[in-house]
Structures are given as C-alpha cells and as structure tokens.
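Asker: The structure is given below, and queries will be raised subsequently.
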Amino acid sequence: MGTVVNLRNHRKRKAREEREKQADENRVLFGLSKVEKDRAATQRLRDERDLEGKKRDDPATDAPTEGSTDTL
C-alpha cells in the first residue's frame, strides 16, 4: 500500500513552490544588482546636493524688517 498523502498540504506546497519560482524569475527580470542600487543612490544624493546648491534665497526672509535703520 502507498503512503497516505494529505491533498490539501500537497496543493499548498505546490502553490508555494510555483510562487517562489515566479518570484525568482521576477528578481532576475526586474531586480537591480547591488552595484546598480549603490550607483543609483549615489547619483540621487549628488542630484539632491546639486539642487540644494541651485536654490534661490527666499526674498521674504531677506527683506528688511520694520523699524530697521537700513535704507537703500
């Protein structure tokens, strides 16, 4: 006689294996390598610093306040 197999567990195991296989394929197709992730992070930081350096000063904070003796 054969071994008794719980079909529900077999079905769940098979579905889990198929999901894992699909996830592996997606990682290969859509994933980035560690080097690519590091390069993107470095570029993002460089872009943020560059943008911060190009921001204009806020004219509202540069305006003279009331009662100041500075005149143009």
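The values are calculated or read from the model by the stated rules, or taken from the named source; none is laboratory data. Only a predicted model underlies this, so the values are computations on that prediction, with no experimental measurement involved. With ideal geometry, Cβ positions are generated from the backbone for all residues, glycine too; neighbour counts draw on all protein chains shown. Protein only, heavy atoms only, side chains kept; ligands, DNA and RNA dropped before computing areas. Shrake-Rupley method; radii C 1.70, N 1.55, O 1.52, S 1.80 Å.
Asker: At a probe size of 1.4 Å, how large is the accessible area of ASP24, to the nearest 10 Å²?
Answerer: Here the accessible area works out near 80 Å².
Asker: Which ³J(HN,Hα) values in Hz, rounded to whole numbers, follow from the phi angles of segment 22-30 under the Karplus curve 6.51 cos²θ - 1.76 cosθ + 1.60, where θ = phi - 60° and Gly and Pro get x?
Answerer: 5, 5, 4, 5, 5, 4, 5, 6, 10
Asker: Which net charge results when you count Lys and Arg as +1 and Asp and Glu as -1 among the other residues whose beta-carbon is under 11 Å from that of GLY31? Before the final figure, lay out each step's value.
Answerer: Values: positive: ARG27, LYS34, LYS37; negative: ASP24, GLU25, GLU36.
After counting each charged neighbour, the total is 0.
Asker: Here's another thing I want to ask about it. Would you kindly find the accessible area of GLU20, with a 1.4 Å probe and non-protein molecules such as ligands, DNA and RNA excluded, rounding to the nearest 10 Å²?
Answerer: Near enough 110 Å² of accessible area.
Asker: Another question, if that's okay. Can you give the extra length, in nm with one decimal, that the chain gains between ARG13 and LEU32 once fully stretched, where that is 0.36 nm per residue apart less the Cα-Cα distance?
Answerer: 4.0 nm
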